[in-house]
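Step one of this worksheet: look at the structure below.
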Amino acid sequence: VHEVAWSPRGDEFLASYGYMPKSQVTLFNLKCDPVQNLPTDTGINHLRYSPNGQLLAVGGFGNLPGRVEIWSRASLRRVAALQAPGASLC
């Protein structure tokens, strides 16, 4: 497990796990049942919810290429992607 992030609403959490550089990101409910796998292009070791819980930010920093993806929580679709090469923190 690389990182876990709780929803601000307290009803779900995201987890990044698996082998690098191709880790998985899964959304879980309170019973720890997987709700949705987020298909990501690169390794992920950074997870954040927006303060209202509507957006999810997933990215790879440190020894990973610095790619960040923004996902809509309502539709579970990627709404944006950006590069931050050489970044170690988001």
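What follows draws every value from the coordinates through simple rules; no lab data is involved. Everything numeric in this text was worked out from a predicted model, so none of it was measured. Please note: Cβ atoms are built from the backbone with ideal geometry, for glycine as well, and neighbour counts cover all protein chains shown.
Here are some notes:
- Across the options Val1, Ala15, Pro85, the greatest Cα extent toward the positive end of the charge dipole of the chain (unit charges at beta carbon of Lys, Arg, Asp, Glu) belongs to Pro85.
- Whole-Hz couplings from phi, Karplus 6.51/-1.76/1.60, listed for the stretch 62-71; x for Gly and Pro: x, 8, 9, x, x, 8, 10, 10, 10, 10
- Each other residue within a Cβ distance under 14 Å of Lys31 adds +1 if Lys or Arg and -1 if Asp or Glu, for a net charge of -3.
- Value of Rg/Rh across the chain [Cα atoms, Kirkwood radius]: 0.94
- Among 1-8, 65-72, the order from most to least packed when residues are scored by Cβ within 10 Å on average: 65-72, 1-8
- Amide H contacts of Gly60 (H built 1.01 Å from N, in plane; Pro and chain starts excluded): Asn45, Gly66, Arg67 sit under 5 Å, all sequence-distant by 5 or more or on other chains.
- The stretch 1-59: trypsin sites (Lys or Arg not before Pro) in DSSP loop, at most 16 other beta carbons within 10 Å: Arg9, Lys22, Lys31
- Rough spin-label spacing in nm, given labels placed 7 Å along Cα→Cβ, for Ala84 and Asp33: 3.4
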